[in-house]
Amino acid sequence: MKKILVSACLLGIPCRYDGKSKPIQTVIDLKDKYNLIPICPETLGGLPIPRIPAEIQGDRVIRKDGTDVTLEYERGANKSLEIALENNCKIAILKAKSPSCGNCEIYDGTYTKTLIKGKGVTANLFEKNGILVINESELHKLNEDNSK
C-alpha cells in the first residue's frame, strides 16, 4: 500500500493549537486504500498542546503574544521531512491555512483571519523536496496522481 503523510489533526488526533482536532471523514477513510502516517510538525518541533496561535510574518513565525517560534516550526518541518523520506512518501495531505501545513493560503500575520496566498513552513519544505502537498479539500488530486 502506498504511504501518505497526513496532518494528525485531520485524522482526529487532538494536536492543534487549541488542543482539538479537525477530523475529516473522507481523509480518515483513505486508510482503506493507503497506509496513512500521521504527523504534526508543530509538536514534532517541540511546541506544546495547546499552544498560543502563531502566524507567518515575513520569513518568521510569530505567536500572537509576539514570541518568535520560527526555529520550532523549522525543526518540526525537518523532522516531518525525515519521516517522509524514511517512508518513501511522495504525497502529503496537510491541514489548509496552517502556518506549518497550509499549501495554498495562510493567515497574513495580523490575527484578523485574513488569508493570503502562501505556504506553511512544512508544506514549503515538502514541495522543495518533491513531495506533492494537498489539503483536505483537494483529495481529488490523489486520483490524478494515481492515473500518472
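Derivation of every value follows stated rules applied to the coordinates shown; laboratory data play no part. These numbers were taken from a predicted model, which means no experiment stands behind them. Cβ: placed from backbone, ideal geometry, glycine included. Neighbour counts: every protein chain shown.
With 0.36 nm allotted per residue and the present C-alpha distance subtracted, the GLN57-ASP29 stretch has 6.6 nm of extension available.
With the charge dipole of the range 3-146 set up from +1 on Lys and Arg Cβ and -1 on Asp and Glu Cβ about the Cα centre, the Cα lying farthest toward the positive end among the listed residues LEU142, LEU11, GLY118 is that of LEU11. To test your reading of the geometry: what angle, between 0 and 90 degrees and rounded to tens, separates the Cα axis of helix 70-86 from the longest principal axis of the chain? Value to nearest ten degrees: 10. Between ALA84, LEU47, TYR73, whose Cα lies farthest towards the positive end of the dipole of the chain when Lys and Arg beta carbons carry +1 and Asp and Glu beta carbons carry -1, centred on the Cα centre? Towards the positive end, the residue furthest out is ALA84.
Full extension from ASN129 to LYS113: what is 0.36 nm times the residue separation minus their Cα-Cα distance, to one decimal in nm?
Values: separation 16, 0.36 × 16 = 5.76 nm, distance 2.94 nm.
Contour length minus Cα-Cα distance gives 2.8 nm.
The shape of the range 24-66 comes out prolate: with a ≥ b ≥ c from the C-alpha gyration tensor, a/c is at least 1.5 and a/b beats b/c. Annotation: aspartates and glutamates with alpha-carbon distance below 16 angstrom to LYS119 (same-chain offsets under eight excluded): GLU42, GLU55, ASP59, GLU74, GLU105, ASP108, GLU127, GLU136, GLU138. Using every pair of separate Cα atoms, the Kirkwood estimate puts the hydrodynamic radius of the chain at 15.1 angstrom.
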